[in-house]
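Here is the structure we will look at.
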Amino acid sequence: MAPRIEAPEFRLTKTDVVKKVEDILAPLKLSEEVQKRIREVYDEEMRIGLARNPSRKSCLQMENTYLPELPNGTEEGEYLALDLGGTNFRVILLQLEKGRVVSDEVQHYFVPEPLRVGPGSELFDFLAACIYDFLETRSKLDHKLPLGFTFSFPMTQQDLNVGILVSWTKSFNCPGVVGEDAVKMLNEAIQRRGDLEVEVVAVLNDTTGTLVQGAFLDRKCAIGLIIGTGSNACYIERVDRVEKWEGTHGDIKEVVVDIEWGAFGDNGVLDFMKTEYDQMLDKNSLLVGSFTFEKLFSGKYLGELTRLVLVKLAEEGLMFGGKIPSQLLRPGSFPTRFVSLVEQDAVLKLARPVSSESCFHELGIEHGSDDLKILQQVCFAVTERAAILLAICLSATLMRVDREECTIAVDGSLYKYHPRLHHLLEHYIIKMTPGKKLPSKLPEHGAVVRNKQVFQTQMSREPLIVTN
Ligand code: BGC
């Protein structure tokens, strides 16, 4: 039974309620000073992450992807692509002509929870079984197909087709894979079956896949960004600044660096801005103490963060007539799609906040009109913080890209389905890289930041195969 909050608190006057709600949301507001500090810390972690012999380890992996150059428009043929990172595993057959995808066939396979947290070999056997199913349905079992594996987790890449898993994130935690090469494990699972002709030729992070795909569409693309269940970015860095790259790099001048910013703060450098809600969220998460930055805003966590704030407001007697709805006490009961729905009301400015109402309705929570207003305030606050945090790291990354103009390729469910995130992000990026004018004609959803052009490309969701 949910504890009852009794009268005195609930007899607050309206003004008191407003003030108290503001106080509870205040820790989520990032002052200019805090923003500045986050930016400084991020810059420093990036620098240390690329250094050869740093005095301490950075929380930013700044992984060399060994992807020296982006597609040049000569790529041809039939390729298989896999995409693993969320609860849906995708198998894709791509036909490339002169570097363009001329046709694709995609199939989704749901990855059940026992496979996401069970023994690694079983997960890879499942992936191989999906490949078999996909090819058998299309009568292509005897085709010798090169395969590109988008593996959306932190990896140490020793080559284009070697990806050692550093840690699981999001909703995966399979024993026996951390420290192992995901490509090798997939190849072994394929061989165990003995009925597939495919060969894994490249392993990519999803940010890298997004960047490569962006480069197909726009040669100025130099940053790949994911704002989905998890979050991360990669960018094109000058090789001479990747000090830790010890091997020979011949004539290569630039290389794609996978930042792995989800782990930003794992060494405590962001502790100064974490709220009690962030701490609680981490404490109840699958992988406690890791992926600090991602937990502050990404799609897997934004709804949960909102729920924790709502519970606090209810505990303080500021919502739901002083009762705490038991539905809200269940972790995960307020999914991130609810935040997008509530935010939609703010965008549409309808007389009645129908989307917000539908969330409470779906949860079976009785509410009054003030509860709806407070809910909107909470969703606004967590969204605003998400946009500012992303913009801080994105502006800092933009400043590192050694290009006059730079396109950012973006993908990810939170970005796609949140009705305001894109605009907020653009607003803050402009603010954080001041002194430059907007061009008179913007690309759709576009903006110019310093002399770097930034815009989204609504990516179709296919990961990309890299060919030499
Ligand atoms: C992973 C990244 C990935 C991001 C977006 C994070 O949890 O560590 O490798 O790019 O999610 O999917």
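Derivation of every value follows stated rules applied to the coordinates shown; laboratory data play no part. It should be emphasised that the depicted structure is a prediction, and the values quoted were computed from it without experimental measurement. Note that we place each Cβ from the backbone using ideal geometry, even for glycine, and neighbour counts take in every protein chain shown.
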Q. Tell me which aspartates and glutamates have Cα within less than 19 Å of Lys20's Cα, excluding those fewer than 8 residues away on the same chain?
A. Glu6, Glu9, Glu276, Glu315, Glu316, Asp370, Asp371
Q.
I need the trypsin sites (Lys or Arg not before Pro) found in the stretch 98-203, filtered to DSSP loop residues with at most 13 other beta carbons within 10 Å of theirs.
A. Lys98, Arg138, Lys144
Q) Assigning unit charges at the beta carbon (Lys, Arg +1; Asp, Glu -1) and nothing else, what dipole magnitude in debye, to the nearest 20, does the chain show about its Cα centre? A) 1440 debye
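Quick check: from the Cα gyration tensor, does the stretch 285-353 come out rounded (a/c under 1.5), prolate or oblate? Don't skip to the answer; put the middle values down first.
On the way: a/c = 2.48, a/b = 1.22, b/c = 2.04.
Oblate, since a/c reaches 1.5 and b/c is not below a/b.
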Q) Taking every DSSP beta bridge that has both residues in the chain, what percent is antiparallel when rounded to the nearest 5? A) 70 percent
Q: Indicate the gyration tensor shape class of the stretch 170-216 (rounded, prolate or oblate), computed on the Cα atoms with a ≥ b ≥ c the square roots of the eigenvalues: a/c under 1.5 is rounded; otherwise a/b larger than b/c is prolate and the rest oblate.
A: oblate
Q: Classify the stretch 355-403 as rounded, prolate or oblate from the Cα gyration tensor: take a ≥ b ≥ c as the square roots of its eigenvalues, call it rounded if a/c is under 1.5, otherwise prolate when a/b beats b/c and oblate if not.
A: prolate
(Q) What is the angle, in °, between the Cα long axis of helix 32-50 and the longest principal axis of the Cα atoms in the chain? Nearest 10 is fine, range 0 to 90. (A) 20 degrees
Q: For Asp159 paired with Ser121, estimate the spin-label separation in nm (one decimal), with each label point 7 Å from Cα along the Cα-to-Cβ line.
A: 2.5 nm
Q: Using label points projected 7 Å from each Cα along Cα→Cβ, tell me how many nm separate Lys349 and Glu33, to one decimal.
A: 3.5 nm
**Q.** Flagged links, alpha-carbon separation over 28 Å, of Lys57/Lys220; Lys98/Lys244; Lys220/Lys349; Lys349/Lys431; Lys170/Lys349; Lys274/Lys431
**A.** Lys57/Lys220; Lys98/Lys244; Lys220/Lys349; Lys170/Lys349
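I'd like to compare 25-32, 54-61, 162-169, 355-362: which one has the highest average count of other Cβ atoms within 10 Å, and what's the full order after that?
Values: 25-32: 14.4, 54-61: 16.4, 162-169: 20.8, 355-362: 18.1.
Peptide ranking by packing, descending: 162-169, 355-362, 54-61, 25-32.
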Q. If the cut-off is 18 Å between C-alpha atoms, which aspartates and glutamates fall inside it for Lys184, apart from same-chain ones fewer than 8 positions away?
A. Asp83, Glu122, Asp125, Asp159, Asp195, Glu197, Glu199
Q: Select from Val257, Ser395, Gly332 the residue farthest towards the positive end of the dipole of the chain; place +1 on Cβ of Lys and Arg, -1 on Cβ of Asp and Glu, and compute about the Cα centre.
A: Ser395
Q: May I ask you to evaluate 6.51 cos²θ - 1.76 cosθ + 1.60, the Karplus curve with θ = phi - 60°, for each residue of the stretch 234-245 and list the ³J(HN,Hα) values in order in whole Hz, giving x for glycine and proline?
A: 10, 8, 8, 10, 6, 4, 5, 8, 8, 4, 6, 6
Q.
Just want to confirm a number: the relative contact order over the chain, from Cα pairs under 8 angstrom separated by 6+ residues, in percent.
A. 18 percent
